[in-house]
Structure formats: structure tokens, C-alpha cells
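What follows is a set of notes on a single structure, which appears directly below.
The values are calculated or read from the model by the stated rules, or taken from the named source; none is laboratory data. Quick caveat, the model's predicted, so the values are computed rather than measured. Backbone-built Cβ (ideal geometry, glycine too); neighbour counts: all protein chains shown. For accessibility, only protein heavy atoms count, side chains too; no ligands or nucleic acids. Shrake-Rupley method; radii C 1.70, N 1.55, O 1.52, S 1.80 Å.
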Amino acid sequence: LQLFEMILAKTHTLWKSVINIAKEKLNTEVINPWDLSYFLNTQLIKNTDNIFPKDKIIESFNGILKKFKLNLSDLPIRIKEQDIPYGGLCFIFDPGKDIRILANPNNGHKWYATLFHEFGHALQFSTPSNLSYTLATGEPSFFLEAMAKIFENFTGEDEWLTSMGVEDNLLIDFNRSILINRIAKIRSIIAQSLFEIQLYQDQSGNIDLR
């Protein structure tokens, strides 16, 4: 709880500013969760879909792999575009032998981040290890997600953004947008955690009405 309080205090001023900007941009006095999601995804930075075409996602990820002396064509990962309600999903059928990614990408930076995340999952299970239970299974789940986030976060690095054609004046906007979205996720996790703690502390009444 002390950690939660510290994070909330240190991000309070910036977060209050974000909420006020969202109210002004969306011309509303009340910001609902769906308003905030829309604002964070569409209003923090100008449209840069032309810089991030969907047909370059795999090529870009392979460029990162080559820095680790790997090549996507040598890994047991198959990618299929499919009309699904998500940007991407990773399925591990046989670690080290059969890993598949269903992808439904579009143009834009967030689709690169989404599929790099799924590639991170796939990469972890492409070379199964007997040296560690955690490496072999991905358990606990937060480790599994951390492995995927490592590759997702490459899409927020200045070097990668520059390689994709993002000019210096846009880098500042990207860095700010990425920071604000990370703070939003952290504060959301804190809110959900505090709510769950309160439920355990007081289980009386109708929980559905809280």
C-alpha cells in the first residue's frame, strides 16, 4: 500500500493535467473510462499511420531479431492474418516446434506494439529451456507478460522510432504519449488492486453495487 501511495502521489500532478486536457479536447466536464481510453489512443499524438504501415510489421520485428543474431524464418513461428477482435494472439501448440500467431493488424504505431508483444510470447517458447522452470513454462504469469513487454517496449525506443522514419520533433510527442499511457496503466492496476483489497476487508452488502 505504501508503494501504491507513493506512485499515486508522484504521478498526481501529471495525471490531473492529462484529465484536464482530455476534458478540453473532448469538450466535456466529466471524463468516463471510455472517454479516457479514446483520448489516450487518438488525441495524444497526431496521426502517424503512414509511418507505420501494417505490411512492414514483420520486417521490422525481424530487424530487431537480427541484432540478436536470430531470424524469424529459422524459428518455429507461423503467422496468419485472421479477422479476429484483437490485434494479435499467440498460441503455443508445441514449444520449440509449433507456435502460431493470429494477426489482425492495421496501419499505426499501436499495432506494431501489439504484435511485437505477441512475437515476444512466441520467441520465449521458440527455444524451450530445461535450465529454469520459469523460462520453460512462463510461470508465474507476470514473468510471461514481462517477456512479451520487453519486445513491445522496443517500439518506444528512440532508436527504433527513428529507424521507422519518426523525425526528431515527433520523438518528444511519442515519448510523452508512451509515458502517459504507462502511467494510465499503472494507476488503473492500482485502482483495481485497492478495490479488491477493500472487498476482502469488508465483504458485507451487495458487492455488485460497489
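Taking Cα centre as origin and charging only the Cβ of basic (Lys, Arg, +1) and acidic (Asp, Glu, -1) residues, the dipole magnitude of the chain rounds to 160 debye. Under the simplified labelling scheme, the GLN43-LEU8 pair shows an inter-label distance of 2.4 nm, with each label point 7 Å from Cα along Cα→Cβ. Spacing of the modelled spin labels on ASN27 and ASP202, each 7 Å from Cα toward Cβ, amounts to 4.1 nm.
Share of the chain's accessible area from carbon and sulfur, percent, 1.4 Å?
Working: 7390 of 13650 Å².
On the chain, the fraction of accessible area on carbon and sulfur atoms equals 54 percent.
Each stretch of four or more DSSP H residues adds -39500 (n - 2.57); spread over every residue of the chain, this sum gives -18500 deg cm²/dmol at 222 nm. Comparing GLN124, GLN192, GLN82 in a Gaussian network model of the chain, where Cα atoms under 10 Å apart are tied by springs, the biggest mean-square fluctuation is seen for GLN192.
The simple spin-label model puts a point 7 Å past each Cα toward its Cβ; for LEU36 and SER163 those points are separated by 3.4 nm. When chymotrypsin sites (Phe, Trp or Tyr not before Pro) are flagged only if DSSP places them in a loop and at most 15 other Cβ atoms lie within 10 Å, the longest unflagged stretch of the chain comes out as 87-210. Name the trypsin sites (Lys or Arg not before Pro) in segment 37-109 that are in a loop by DSSP and that have at most 12 other C-beta atoms within 10 Å, would you? The qualifying sites are LYS46, LYS69, LYS97. For the chain, excluding the exposed loop sites themselves (GluC sites (Glu not before Pro), DSSP loop, at most 15 other Cβ atoms within 10 Å), the longest remaining stretch covers 30-156.
With a length cut of 15 Å (Cα positions projected on each helix's long axis) and a Kyte-Doolittle mean of at least 0.5, go through the chain and give me the DSSP H helices that pass.
On the way: long enough: 2-26 (34 Å, 0.21); 57-67 (16 Å, 0.37); 109-124 (23 Å, -0.44); 141-152 (16 Å, 0.88); 168-201 (50 Å, 0.34).
Membrane-span-like by this criterion, though nothing is claimed about a membrane: 141-152.
Using Cα positions and a limit of under 17 Å, work out the aspartates and glutamates in reach of LYS149, with same-chain residues fewer than 8 apart set aside. In chain and number order, the partners are GLU118, GLU139, GLU157, ASP158. The residue among ASN106, ILE172, ILE45 whose Cα reaches farthest toward the positive pole of the charge dipole of the chain, with charges on the beta-carbon of Lys, Arg, Asp and Glu, is ILE172.
Just to confirm, what accessible area per residue do you get for segment 1-80 at 1.4 Å probe, in whole Å²?
Values: 5770 Å² over 80 residues.
That works out to 72 Å² for each residue.
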